[in-house]
Amino acid sequence: MPSDDPDIDIINARKLKELREKATAMEKAKASQRQQEQQPKSSREIVSAYLYDRADKVLDLAYEQYPAQTEAIITRIARLILDGVITSRISGGELLTLFRSVGLNIRVNTTIKVEEDGKLISFSEKIKQQNDLP
């Protein structure tokens, strides 16, 4: 419906073009979102969603030290999660115990710190200080 004023026709055409561009952009966003939802998650992503309390660090160490064996174990854990056998979250200690029970001795760097005069110092440093005293 052309109006009597050509400026109004130009404004309406510009708005219509903007609306079409927005609709196209929204359709593209929805299509990419649907495509991402259809892509299956990797076993590591599935298991990572169930990890807490430093379990992600244990998993990273396991992949660094035993990549092939860790992948096999994580694939099995992911299958158990998808099948509904595992429903609770997995702590770092539980994951470390699992790896060690199947023979993978994951080395985790640990330090013991004690408080002395408001400062945290390593336990070995504390022992050295006590041995140095006369």
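Structure values in brief
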quantity: Any hit, the range 65-83, residues being of a type in the set (K, R), in a helix (DSSP H, G or I) and at pLDDT below 90; calculated: no
quantity: Flag for I121 being over 30 Å from R44 (Cα atoms) and assigned by TED's automatic domain parsing to the domain that holds A62; calculated: yes
quantity: Looking only at the range 106-134, and only at residues there that are under 30 Å from E71 (Cβ atoms) and surrounded by fewer than 10 Cβ atoms within 10 Å (Cβ to Cβ), the one that is farthest from the chain's Cα centre (by Cα); calculated: T111
quantity: Within the range 44-56, tally of residues that are in a helix (DSSP H, G or I) and surrounded by 15 or more Cβ atoms within 10 Å (Cβ to Cβ); calculated: 5
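The values are calculated or read from the model by the stated rules, or taken from the named source; none is laboratory data. Just so it is clear, the model here is predicted, and its values are computed rather than measured. When we count neighbours, we look across all protein chains shown, and the Cβ atoms used for this are built from the backbone with ideal geometry, even at glycine.
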